[in-house]
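Comments concern the structure below.
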Amino acid sequence: TPPTPQEEEQAKDIKKQLLEQNQNVQPIPAGTINVSLSAATQDIAGGPLEVRAIIDGATTGNCTLNLSQNGNVKTFTANVVNLGTYYSCEGFSVPLSSLGAGNWQLELLVANESAKGSVTQEVTINL
């Protein structure tokens, strides 16, 4: 599902904050994709896990979302897409039926033929 106008606005705000924070940071090395999560949560208990990202350093490629809990790994894929002012994954809306309640380790990998990058975060799934 495409991001809602509210999600797009939130992503723009996060991107602006990240750019302001990173003004004094060295450029990203060649071959590296910078991946920042703009959403990794359930909107409501029992709802799907929504995962959105902002990608810097890639205009094409694939996104792989790995969710793991106690050795159980769920994998989902999407393409890198242009959302007008930034690049992102097409977005992930993981239904509760694919997961179980509790803490999950989230890893989002972005890769293309010349670069790769990833981000990790723990997420809590509520019934």
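The values are calculated or read from the model by the stated rules, or taken from the named source; none is laboratory data. Quick caveat: nothing in here was measured; it's all calculated off a predicted structure. Here the Cβ is made from the backbone with ideal geometry for all residues, glycine too, and neighbour counts use every protein chain on show. Keep in mind that these areas ignore ligands, DNA and RNA; they rest on the heavy atoms of the full protein, side chains included. Shrake-Rupley method; radii C 1.70, N 1.55, O 1.52, S 1.80 Å.
THR120 - would you say it is β-branched (Val, Ile, Thr) and over 15 Å from the mean Cα position of the chain (by Cα)?
The answer is no for THR120.
Just for the range 30-41: of the residues that are part of a loop (DSSP other than H, G, I, E, B) and small (Gly, Ala, Ser), which one is surrounded by the fewest Cβ atoms within 10 Å (Cβ to Cβ)?
Residue satisfying both the conditions and the ranking: ALA30.
Do we find a residue being crowded, with 16+ Cβ neighbours inside 10 Å and over 16 Å from the mean Cα position of the chain (by Cα) anywhere in the range 100-113?
For the range 100-113, residues crowded, with 16+ Cβ neighbours inside 10 Å and over 16 Å from the mean Cα position of the chain (by Cα): absent.
Are any of the residues in the range 62-69 within 26 Å of GLY46 (Cβ to Cβ) and out of contact with any strand residue (DSSP E or B) (no Cβ under 8 Å at 6 or more places or on another chain)?
no
Each row is one residue, and each column tells you yes or no for (1) touching a Ser or Thr at 6+ places or on another chain (Cβ under 8 Å); (2) aliphatic (A, V, I, L, M).
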| site | (1), (2) |
| --- | --- |
| ASP43 | no, no |
| ASN66 | yes, no |
| VAL81 | yes, yes |
| PRO95 | no, no |
| GLY100 | no, no |
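Out of (1) modelled with pLDDT of 95 or more; (2) in contact with an Asp or Glu (Cβ under 8 Å, 6 or more places away or on another chain); (3) under 17 Å from SER97 (Cα atoms), what's the single condition that is false for ASP43?
(1)
Which members of the range 63-81 meet the condition of being under 14 Å from GLU107 (Cα atoms), within 12 Å of the chain's Cα centre (by Cα) and surrounded by fewer than 15 Cβ atoms within 10 Å (Cβ to Cβ)?
Across the range 63-81, the qualifying residue is only THR77.
Within the range 82-97, can you find the residues that are surrounded by 13 or more Cβ atoms within 10 Å (Cβ to Cβ) and outside any strand (DSSP E or B)?
Across the range 82-97, the qualifying residues are LEU83, TYR86, GLU90, GLY91, LEU96.
Here's a check for you: in the range 42-59, which residue that is out of contact with any Phe, Trp or Tyr (no Cβ under 6 Å at 6 or more places or on another chain) and assigned to a strand (DSSP E or B) is most open to solvent (accessible area, probe 1.4 Å)?
Selected residue: ASP56.
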